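Comments concern the structure below.
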């Protein structure tokens, strides 16, 4: 694991002292006092990114982003500009801009006052398990020093590092362990926001001298758009070219299989989800889940719906349509038919229950319930598509072995 930082990098941080110069007790006391002081001073400088940041007047070369809508990358002489826009649900005209400068180069004068991140990044804290997949894609798992909810991680390399005490739990959202994050001295914290409340802990970290970068990958509405955020993470490691080449191959595989499946005239009717706390949240007709079904040659029961978000419906409304379903996918945490009927006995009357055409995306789940579909699946949409094509049109992929899906047994 990469743990040390160069002297040049350490001198750029003003909130950390060399561990060897103080005892463990004094070290903890120092951080506690520093944390309390900084968070209580109202006049502390706020380094949060200007949400109305204007682009440089220089002409730069924009990296080709084909599917993703939430970010752009522009390369200028001496630095790279990375812009993330509307990175949480309901955000409008919100933009965050980061400037990436190689650690061997001087910072250009025009970037004074801007948020500058030295690259390649050596130490990173991630607040979502999906971020692990992005790091793995660019072969930079070794830079991970802290994360949220490590108990849900399925990545074997990360699990080993956790067991060795090389990656630490930093808490999550409102329960972030700021003291631990300071101690880890990361080059950046990769975060995400469900809503604008994320700016609260962003501000606290910013005041502590910790750079926070927002990742809006989860908001994308197409499988390939989510996966294309590998180019975003690659920029922090100077691996844009490598990531682009790997992504292009991935996208080619996805689109080739999509084209083959689209030629199938007999498209099975697909039901998705399972009731939870009195409501059945079915994917909107323009959500990424619905796109997967369409690309795999299925006909989603709510295909005509124009929503990109999950729709909370009552069981009766879903049941009426579900009677027509040829196949049922993603039924919550169900591992067998009994799990489904236990939710509501009426579900036992569905035809799809009798035919047994029920498949769940929980083939790889750890002992704490962490599901790899939501982790590595982000950067493997072509493998998820293969699974779905195998389910909907098994004759097209007779030799394919499921990766993320498995049949729900009786």
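Points to keep in mind about this one:
- Descending Cα extents along the principal axes, the stretch 45-248, whole Å: 48, 42, 39
- Two-site FRET efficiency, residue 142 against residue 262, from Cβ-Cβ distance with R₀ of 51 Å, rounded to 0.05: 0.80
- Gyration tensor (alpha-carbon) shape descriptor, the stretch 278-318, a/c threshold 1.5: prolate
- Shape class for the stretch 264-407: rounded, because the ratio a/c of the largest to smallest gyration tensor axis (alpha-carbon atoms, square roots of eigenvalues) is under 1.5.
- Cα shape, the stretch 70-111, gyration tensor, a/c 1.5 rule: prolate
- Antiparallel DSSP beta bridges within the stretch 273-396, percent to nearest 5: 75
- Cut-off 20 Å, label 7 Å out along Cα→Cβ of residue 344, residues of the stretch 275-316 by amide N: 275-285, 300-303, 305, 310-316
- Helix axis angle, 24-40 relative to the chain longest principal axis, alpha carbon, degrees: 80
- Dividing the summed -39500 (n - 2.57) terms of all DSSP H runs of n ≥ 4 by the residue count of the chain sets its mean residue ellipticity at 222 nm at -9000 deg cm²/dmol.
- Shape analysis of the chain based on the Cα gyration tensor places the equivalent ellipsoid semi-axes at 42, 24, 20 Å, largest first.
- Cα-projected label distance for residue 149 with residue 305, points at 7 Å along beta-carbon direction, nm: 2.2
- Computed over the chain: relative contact order in percent, which uses C-alpha pairs under 8 Å that are six or more apart: 15
- Volume per residue that the Cα convex hull of the stretch 105-156 spans, once the total is divided by residue count, Å³: 104
- Here each label is just a point 7 Å from Cα along the line to Cβ, and for residue 367 and residue 195 those points are 3.7 nm apart.
- Full extension of the chain between residue 406 and residue 106 yields a length gain of 102.7 nm, computed as 0.36 nm times the residue separation minus the alpha carbon distance.
- Length-normalised contact order of the stretch 264-398 in % [C-alpha pairs under 8 Å, at least 6 apart]: 25
- DSSP bridge pairs, the stretch 45-248: antiparallel proportion in percent, nearest 5: 50
- Antiparallel DSSP beta bridges within the chain, percent to nearest 5: 50
Taken together, the values in this text are just the output of simple stated rules run on the coordinates, not laboratory data. Fair warning: this is a prediction, and the values are worked out from it, not measured in the lab. Using ideal geometry, Cβ is built from the backbone for each residue, glycine included, and neighbour counts are taken over all protein chains shown.
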